[in-house]
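Read-outs throughout are calculated quantities, based only on the coordinates presented, and are distinct from any laboratory measurement. As the structure is a prediction and not an experimental result, all values here were calculated from the model. Every residue, glycine among them, receives a Cβ derived from its backbone with ideal geometry; neighbour counts consider all protein chains shown.
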Amino acid sequence: MRSVTIRPATPEDAAAIARLAALDSAHLPEGQVLLGVVDDEPWAALALESGDAVADPFRRSAEVVALLRERARLLGYPSRSARSSRWRRRTLIAGPAVSASSSHWRVSPRSTRM
């Protein structure tokens with residue numbers, strides 16, 4: 001059985017958080033950070049103010065991120081999932097944004113002729 005610890009990150013954890021961000025190809029979380037440690041190894045980190053998370057993609061760290069998000073919610077920080085569900089609702093109503101660089105969405109002069 002594995003031991004999971006959720007705790008505030010300290011300045012000594014900066015290297016471990018930077019390693020997680022590099023593995024996750026993400027920016028370093030800014031501000032106050034919660035750290036998810038499994039068996040004395042950092043697996044995930046969550047920025048409390050923004051809700052941005054970084055995690056080790058080579059481990060099953062989704063559950064640790066979920067625990068970090070729940071702890072942040074209990075501490076009174078806004079839930080990232082609430083923000084993403086609002087975005088999802090807007091997208092379903094308005095439709096997905098179309099990228100201008102997508103070649104199949106370009107209109108050529110020939111295609112406008114009738």
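Using the 10 angstrom Cβ neighbour count as an exposure proxy, how do 38, 33 rank, fewest first? Write down the numbers at each step before the final one.
Details: 38 18, 33 22.
Arranged by neighbour count, lowest to highest, 38, 33 become 38, 33.
Quantify how much of the Cα-Cα distance distribution of segment 4-82 extends past 20 Å, in percent.
Across segment 4-82, Cα pairs with separations above 20 Å total 19 percent.
Within segment 26-77, list the GluC sites (Glu not before Pro) lying in a DSSP loop whose Cβ has at most 12 other Cβ atoms in a 10 Å radius.
On the way: sites: 30, 49, 63, 70; in loops: 30, 49.
Qualifying residues, ordered by number: 30.
Express the relative contact order of segment 1-63 as a whole percentage, based on alpha carbon pairs under 8 Å and six or more residues apart in sequence.
Details: 106 pairs, mean separation 20.5, N = 63.
Dividing the mean separation by the residue count of segment 1-63 yields 33 percent.
Which ³J(HN,Hα) values in Hz, rounded to whole numbers, follow from the phi angles of segment 17-27 under the Karplus curve 6.51 cos²θ - 1.76 cosθ + 1.60, where θ = phi - 60° and Gly and Pro get x?
5, 4, 5, 4, 5, 5, 5, 8, 6, 10, 6
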